[in-house]
Amino acid sequence: MSNLLATRLKAAGIEMTPEQWGAIIMLLNDGAMTQGQLGARLHLEKSSVSRLINGLEKRGWIERIKDRNDSRQKLVAPTPKALDTAEHCATLARAIHEEAQLGMNEHDKIASRSLLSRIIRNLEGASR
């Protein structure tokens, strides 16, 4: 799915990787957060999230802003450019998701989400 999303983003002229899109979605849905919080939510190592954030910042998709509650902290926030492109990216991602579920009835979809959620929880517990 990641490879297909990368291909579709590129074909649409959007210079964003699937990993970057995941970070943008997280920021749009949950609001600005520290780089550490974003890395934890995306299950990325510090060096990986740093590269991810630097790439997004270089392309103008995110900005680092001061945390009003802690002046020592910087928050990562999506820019208007990210907001402008988000719906187009979401449409591409939804289409891929629908293609992946072709031939599945609602029960199959619910069961697969449940099983995948359990796998993720199991793996999160194993990494602690």
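Figures for the structure shown
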item	result
Residue in region 108-120 that is at pLDDT below 90 and more than 13 Å from the chain's Cα centre (by Cα) present	yes
Unique match (being in contact with a helix residue (DSSP H, G or I) (Cβ under 9 Å, 6 or more places away or on another chain) and open to solvent by less than 60 Å² (accessible area, probe 1.4 Å)) among ALA6, ALA32	ALA6
Number of the exception - ARG59 against (1) under 27 Å from LEU123 (Cβ atoms); (2) over 15 Å from the mean Cα position of the chain (by Cα); (3) of a type in the set (D, E, K, R)	(1)
Residues (out of contact with any strand residue (DSSP E or B) (no Cβ under 8 Å at 6 or more places or on another chain), small (Gly, Ala, Ser) and farther than 23 Å from ARG8 by Cβ) located in region 74-128	ALA111, SER114, SER117, GLY125, ALA126, SER127
Residues of region 10-26 satisfying the condition of being open to solvent by less than 60 Å² (accessible area, probe 1.4 Å) and either under 8 Å from the mean Cα position of the chain (by Cα) or of a type in the set (Lys, Arg) (or both)	PRO18, GLN20, TRP21, GLY22, ALA23, ILE24, ILE25, MET26
Residues of region 91-114 classified as open to solvent by less than 80 Å² (accessible area, probe 1.4 Å) and among the acidic types (Asp, Glu), total	1
Residue check for SER117: small (Gly, Ala, Ser), free of Cβ contacts under 8 Å to residues at least 12 places away in the same chain and open to solvent by 60 Å² or more (accessible area, probe 1.4 Å)	no
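The values are calculated or read from the model by the stated rules, or taken from the named source; none is laboratory data. In this text, all values refer to a predicted model and were calculated from it rather than measured experimentally. Cβ atoms come from the backbone with ideal geometry, glycine included; neighbour counts cover every protein chain shown. Ligands, DNA and RNA are excluded from the accessible area calculation, which covers all protein heavy atoms including side chains. Shrake-Rupley method; radii C 1.70, N 1.55, O 1.52, S 1.80 Å.
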